[in-house]
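> Let me begin by handing over the structure; questions about it come next.
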Amino acid sequence: MDERREILELREKLRRWEYEYYVLNMPSISDKEFDMEMKRLEALEALHPEMDDPESPTKRVGSDLGVQTMTEFRQVAHGRPMLSLANTYSEGEVREWYERTKKSIGRDFDVVCELKFDGSSISIIYENGKLAKAVTRGDGKKGDDVTENIRTIRNVPLRLIGDYPENVEFRGEVLMPWTSFERLNRERAEQEEQLFANPRNAASGTLKTLNVKEVARRELTTYIYYTLGEELPLDGHYEMMEKSREWGVNVSRNMRLCRNLDEVMEYIHHWDIERKNLPVATDGIVIKVNSFAEQEELGMTAKSPRWAIAYKFQPENALTRLVEVTYQVGRTGVVTPVANLEAVQLSGTQVRRATLHNEDFMRSLDLHEGDMVYVEKGGEIIPKITAVETKERREGAKAVEFVKKCPVCGTELMRNEEEAAWYCPNESGCAPQICGKIEHFVSRKAMNIEGIGTETVSALYEKGLVRGVADLYRLTYDDLRSVEGFADKSARSVLEELRKSRSVGFERVLYALGIRMVGEVVAKKLAKAFRNIDALRRATVEDMVQTEDIGEKIALNVVAFLKDNDNIRTIEFLTEYGLKMEMEEEAEKASDALAGKTIVVSGKFALHSRDEYKAMIEAHGGKVGSSVSAKTSMILAGSDMGPAKREKAETLGIKIVDENEFIGLLPGHEAGKAVEQLLFDI
Ligand code: IVH
């Protein structure tokens, strides 16, 4: 078959399969077949850049040329404000709302009961069936343009199906499913990064992430709960939701059309229990008058529509006694207080411990020894203490004071200004810090040394065989054999793994060192900017903050780490052993013709794909801008660049070039010279 035709057909098929899988929940092919077809389409598209289509199912992550970074989100005004709902925790108030509404309407009426999804609200706009824009709620009047991030969500169609209207807006909720939330927090715990308290925070944090690849990895999902438009074909919300599902968006199947109050109450009682089996967090139910005409008749109050009400489920909580507060010391020395409790049953599990986060949180609770405390497990995985029952406080009970000394090594704790955490500064002498650092060093994303787990690290530490990461490379065959569970084969394999780690890139070595606040992304940025460890050691805080995304706090930590004598010795040893302490040379730059220029690429092109143009800009020393602003030097415009962008560019006096002019700007082109003047102008 002609490859171009195959591309078009594959795109159609993949769209259909995504819809069957993500919206209908009825896949007609296996995951493996789907992946194979997607790969086939990717390969064909690479062969036919002239067939580029931003709506292709392969284009969920904006660019396949590495991480696409934006610096901030554009603010966009909502066509119609995004309202909130009147809330209640009382069934009585739901009854009152129902009766009041019935009186207003003056006859029997239908309502729709839906789950109230606990995530982050979103407005998704389709123009001519194409996903045009996705905006967060913001302050209700304007929000952030998060289109690129929303495109990564699998159940958000890039194109609608069937008889959709020309302009339609869907409002709904972006959520992080429980399983993804748990995975993300597990990873963050491993990296000693702050955990997300609940899937709601994780979803809204992810939506505001500027790194599209990271967003795609986090597996968000959406549920649509309202459809707006000038020419909607139906006059009831329920029917409109069913229709919206046919157009391809994800609408929950758990909505119900109710004819009377009893049915509403039945729905509430059913879902108060059943919601625990859902893949996403819900915090209540929403009851909406079905008929659009009746909705209009009822109108709204200053803040919320009169035609809807949210009934919120009571978060589960229990009262139990505080036994004692203990403290955990992490890899970076951060000391976290933990409340040990008398066991209590909560949401089907036994709770014995709850995090107290830090000293400020502990103080805000005004915790006293032996207090009765309320533990809650709302959207949170880790139970938290929400309040103290002061009435039950024992007479003479002492306030719980945060420890002053490290509970493991006894060193006086320290706290940095503006940081909530106390930490133990004895980096090289405090067991959990040493073991934690070694575990981090060997972990998959760092040096990826297989065969050394938590238990092996503890055993090696207890035997006095390792006191720091450098000691790993001093281990002998006999040392390893002396550890329980190590046979001939496993000992040899660990030694081989250690040898192999010499080929791990500098950015990962830097990450593996375990400098506070230096995660994978920061390590990569520092490695790219400073190229080698010597340059990084010479760099001052002022030098470092010049690097994108490196703030003063991070810089201070890096400088302090690299000035510490123990760390210097470790780095010197690792260098001698042969670990990579400098970046490998990247592919040669084509030229510096576009150095210092930020260029926004917009619209459709005939000669190269959009991604190819972006790569060209970078290869010639320029920067790709994500939105038009005063910082933009030039816009490379294809056909159908939006009129709004054009107008903004004109207002800001930004030069707009077409693809022929752009190619002419690059060296090696005959036309290059003629347009050199153009470059000077921008
Ligand atoms: S209807 C005017 N339906 O709850 C209609 N909202 O205060 C406005 N939410 O932040 C919303 N599930 O994001 C509606 N099934 C549902 C919902 C829902 C969750 C959120 C919404 C908003 C808040 C309402």
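The values are calculated or read from the model by the stated rules, or taken from the named source; none is laboratory data. None of the values given here were measured: they were computed from a predicted structure. For neighbour counting, all protein chains shown are included, and Cβ atoms are generated from backbone atoms with ideal geometry for every residue, glycine included. SASA here: full protein model, heavy atoms, side chains in, ligands and nucleic acids out. Shrake-Rupley method; radii C 1.70, N 1.55, O 1.52, S 1.80 Å.
> Given a Förster radius of 56 Å and the C-beta distance between D53 and K102 as r, what FRET efficiency does 1/(1 + (r/R0)^6) yield to the nearest 0.05?
0.65
> Sort by residue number and report every cysteine in the chain with no other cysteine beta carbon within a distance under 4.7 Å.
Those would be C113, C258, C435, since no other cysteine Cβ in the chain comes under 4.7 Å of theirs.
> Along its principal axes, what span do the Cα atoms of segment 1-116 show, with the longest given first and each in whole Å?
Largest first, segment 1-116 extends 65, 40, 24 Å along its Cα principal axes.
> Quick check: at a probe of 1.4 Å, how many percent of the accessible area of segment 278-421 sits on carbon and sulfur atoms?
For segment 278-421, the apolar C and S fraction of the accessible surface comes to 48 percent.
> Would you please give the FRET efficiency between L232 and C409, computed as 1/(1 + (r/R0)^6) with r the Cβ-Cβ distance and R0 = 60 Å, to the nearest 0.05?
After rounding, the FRET efficiency stands at 0.35.
> Rg and Dmax of the chain over Cα atoms: what are they, in angstrom?
Rg then Dmax for the chain, in Å: 29.2, 90.
> Cα centroids of segment 484-518 and segment 294-353: how far apart, whole angstrom?
Using only Cα atoms to place each centre, the spacing works out to 40 Å.
> Tell me, what is the per residue accessible area of the chain in Å², probe radius 1.4 Å?
50
> Roughly how large, in nm² to one decimal, is the mean projection of the convex hull of the alpha-carbon atoms in segment 390-489?
About 10.7 nm², averaged over all directions.
> Now a separate question. Calculate the all-directions average of the projected area of segment 298-405's alpha-carbon convex hull, and give it in nm².
Answer in nm², one decimal: 10.4.
> Taking all protein chains as present, what is the carbon and sulfur share of the accessible area of segment 93-215, in % to the nearest whole number, probe 1.4 Å?
C and S atoms contribute 42 percent here.
> With a 1.4 Å probe and every protein chain kept in, tell me what percent of the accessible surface of segment 529-574 is carbon plus sulfur.
47
> Label-point separation (nm) for E548 and A293, each offset 7 Å from Cα along Cα-to-Cβ?
For the pair E548/A293, the computed spacing is 5.6 nm.
> For segment 513-554, rounded, prolate or oblate, judged on the Cα gyration tensor with a ≥ b ≥ c (square roots of eigenvalues), a/c < 1.5 rounded, else prolate if a/b > b/c?
Rounded is the answer for segment 513-554, as its axis ratio a/c remains below 1.5.
> So, one more: Using just the helices of the chain, give the 222 nm mean residue ellipticity in deg cm²/dmol: DSSP H runs with n ≥ 4 each add -39,500 (n - 2.57), and the total is spread over all residues, rounded to 500.
The per-residue figure over the chain is -10500 deg cm²/dmol.
> Another one. If you take the alpha carbon radius of gyration of segment 386-433 and divide it by 2.2 N^0.38 Å, what ratio comes out, to two decimals?
1.61
> Something else: What spacing in nm lies between the two simple spin-label points modelled at A590 and E190, each 7 Å away from Cα in the Cβ direction?
3.8
> Ranked highest first by average number of other Cβ atoms within 10 Å, how do 486-493, 148-155 line up?
By packing density, highest mean first, the sequence is 148-155, 486-493.
> Take E72 and A630, extend 7 Å from each Cα along the Cα→Cβ direction, and tell me the distance between the two endpoints in nm.
Each label point is offset 7 Å from its Cα along the Cβ direction, giving 1.0 nm.
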